[in-house]
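Accompanying notes for the structure given below.
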Amino acid sequence: MRSGTSGMPRGGDHQSLSELNRSRVVEYLHRNGISSRADIAHALGLTPPAITKITAKLIDLGIISETGNLEGRLNRRALGLALNHSKYRVIGVKFARSLVQIGVFDISGRQLSIIDLPPVKDTSIASTIVEIRSIISDLLAKDPDIVAVGMSVPGPYLRHEGRIAVVTSMPGWTEVCYTDEFQHAFPVPTFIEHDARSGALAESLFDPRISSGNIAYYLVGEGVGVGVMEHERLINGDRGAATEIGHISIDVNGKACKCGNVGCLECYCSAVAVHERLLESDILPDRENIASMTHRDACNALFNAAKLGNMRAQQLVKETAEFVAYGCVNIINCYNPKQIVIGDIMSQAGPALLDTIKKVLKQRVVPEILDGTEIMLSTLTSDPTLTGAAAVAANQFLRHPSRFARST
């Protein structure tokens, strides 16, 4: 800690330390629910007088509140403290090539409303951006409790430039500078993050099964990507383009990808790739109807057919799951996470997807490493990437509560 000539922390240092401790208390209550001051002090290694001062400020700001009595430490009755999850809300915006969704969430990750925009085409991107700004402005005008906006965008997202380097099936999105379009468009702050990293943040904040700070969220939707947290920190890389597993080649003589590589994982197991397989085959009847579907709806039609016993549909799901598994092999070997959560469109295939993935991993991963890795499907009630967009904003609230608070 820096100090001045008096040996005491400088004003800025003192304020930073105070906010850090307020954040630690808020995050503790977010993860653990109603707790006593004594429990918080013990868990965070702070003195009871310090916790009393910190919580008094948070109560004054309206971020936490006292609840009824609960069993405290040493069997003593104590007043409980709770985070006011429902008092503060955030907007999450998911960009997924042809899909754009806007949701309102409280800071516990509970979805309160959702708006699905019409399917986006390359020619309608500009008008879609105008519509997004209009919808968000209307939501903010109607709800003063919304304190921030979070956005999740496909990768590779060059965070310092605010744009996407490659969007394989919708190149028009690469012309958009998200920071120019959105960062200062609203009266509340806007935070923009890579979609798979947003998903990792959502799993970390809102999924009670997550027991480790070393996790990977494996997004298999219209695109394919992974968000990795190591010791509770997102891995970004130098320009924000790290962990782009969708563009790792799994076949050096394979299909050409718009990124310039060949045999990219995304070419084989994305929702776009599966939709193309359906159009090239007669696995499902009425190909004309399939052609008019969104990628998500086409995949869901495949999954439903497989569950109803269509053997060719089951085979395509199995083949796709094997490609998804090859991505898991690379995730494990590159990042060695404790837990891998698979989400987005392809995760809707359910146990059939997961079972195949686990069989492939047993064949292709060192047993000692695989034994320490848990593979699961996302169980977040909302789309993890949309929830992830909200998590980007909620995480900023948890880390810097005083910036968003309204005094009672």
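The values are calculated or read from the model by the stated rules, or taken from the named source; none is laboratory data. The structure displayed is predicted, hence computed values, not measured ones. Here the Cβ positions follow ideal geometry from the backbone for every residue, glycine too, while neighbour counts run over all protein chains shown. When the accessible area is computed, the model is the full protein with side chains, heavy atoms only, and any ligands, DNA or RNA have been set aside. Shrake-Rupley method; radii C 1.70, N 1.55, O 1.52, S 1.80 Å.
Given the structure, is residue 252 crowded, with 23+ Cβ neighbours inside 10 Å and outside the structural domain of residue 107 (by the TED database)? Let's see the steps before the verdict.
Numbers: crowded, with 23+ Cβ neighbours inside 10 Å: no; outside the structural domain of residue 107 (by the TED database): yes.
So residue 252 fails the test.
So is residue 220 at pLDDT 95 or above and either at negative phi or open to solvent by less than 50 Å² (accessible area, probe 1.4 Å) (or both) or not?
Taking the combined requirement at face value, the residue satisfies it.
Scan the stretch 91-107 residue by residue and report those that are under 22 Å from residue 157 (Cα atoms) and either without any contact (Cβ under 8 Å) to a residue 12 or more places away in the chain or aliphatic (A, V, I, L, M) (or both).
If the condition is that a residue be under 22 Å from residue 157 (Cα atoms) and either without any contact (Cβ under 8 Å) to a residue 12 or more places away in the chain or aliphatic (A, V, I, L, M) (or both), then 91, 93, 96, 99, 100, 102 are the ones that fit.
Here are 198, 211: which of them is in contact (Cβ under 8 Å) with a residue 24 or more places away in the chain, of a type in the set (Ser, Thr, Tyr) and open to solvent by 10 Å² or more (accessible area, probe 1.4 Å)? Outline the logic, then answer.
On the way: 198 fails: open to solvent by 10 Å² or more (accessible area, probe 1.4 Å).
Matching residue, one of 198, 211: 211.
Return the pairs, sorted by first residue and then second, in which the second residue is open to solvent by 70 Å² or more (accessible area, probe 1.4 Å) and of a type in the set (Ser, Thr, Tyr), the first residue lies in the stretch 46-68 and is in contact (Cβ under 8 Å) with a residue 24 or more places away in the chain, the beta carbons are less than 8 Å apart, and the residues are 6+ apart or on different chains.
As it stands, the answer is 59/408; 60/407; 60/408; 61/407; 61/408; 62/407; 62/408, since those pairs meet every condition given.
Might you check whether a residue that is in a helix (DSSP H, G or I), at pLDDT 95 or above and touching a Lys or Arg at 6+ places or on another chain (Cβ under 7 Å) occurs anywhere in the stretch 293-307?
Within the stretch 293-307, none of the residues are in a helix (DSSP H, G or I), at pLDDT 95 or above and touching a Lys or Arg at 6+ places or on another chain (Cβ under 7 Å).
Quick one: which strands (runs of 3 or more DSSP E) sit completely within the stretch 59-134 and have at least 1 residues that are charged (D, E, K, R) and surrounded by 15 or more Cβ atoms within 10 Å (Cβ to Cβ)? Before you say what the answer is, go through the steps one by one.
Working: elements: 64-71, 77-83, 89-96, 99-106, 111-116.
Filter on the stretch 59-134 gives 89-96, 99-106.
Restricting the stretch 269-293 to residues that are out of contact with any Asp or Glu (no Cβ under 8 Å at 6 or more places or on another chain) and open to solvent by less than 50 Å² (accessible area, probe 1.4 Å), which is nearest to residue 99 (Cα to Cα)?
Result: 275.
So that you can scan it fast, the table gives a plain yes or no per residue for (1) under 23 Å from residue 232 (Cβ atoms); (2) open to solvent by 50 Å² or more (accessible area, probe 1.4 Å):
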site	(1), (2)
309	no, no
317	no, no
325	no, no
330	yes, no
336	yes, yes
343	yes, no
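Being more than 28 Å from residue 206 (Cα to Cα), modelled with pLDDT of 95 or more and touching a helix residue (DSSP H, G or I) at 6+ places or on another chain (Cβ under 7 Å) is the requirement here; does residue 318 meet it?
When the stated conditions are applied, residue 318 passes them.
Need a quick list: helices (runs of 4 or more DSSP H) entirely within the stretch 337-401 having at least 3 residues that are within 25 Å of residue 310 (Cβ to Cβ) and assigned by the TED database to the domain that holds residue 321.
Numbers: elements: 351-364, 367-370, 384-399.
Counting at least 3 such residues, we get 351-364.
Return yes when residue 112 is free of Cβ contacts under 8 Å to residues at least 24 places away in the same chain and under 28 Å from residue 379 (Cα atoms) and no when it is not. Give the derivation first.
Working: free of Cβ contacts under 8 Å to residues at least 24 places away in the same chain: yes; under 28 Å from residue 379 (Cα atoms): yes.
Judged against the criteria, residue 112 is a match.
Do we have any residue at all in the stretch 181-194 that's in the same structural domain as residue 140 (by the TED database), open to solvent by less than 50 Å² (accessible area, probe 1.4 Å) and of a type in the set (Ser, Thr, Tyr)?
yes
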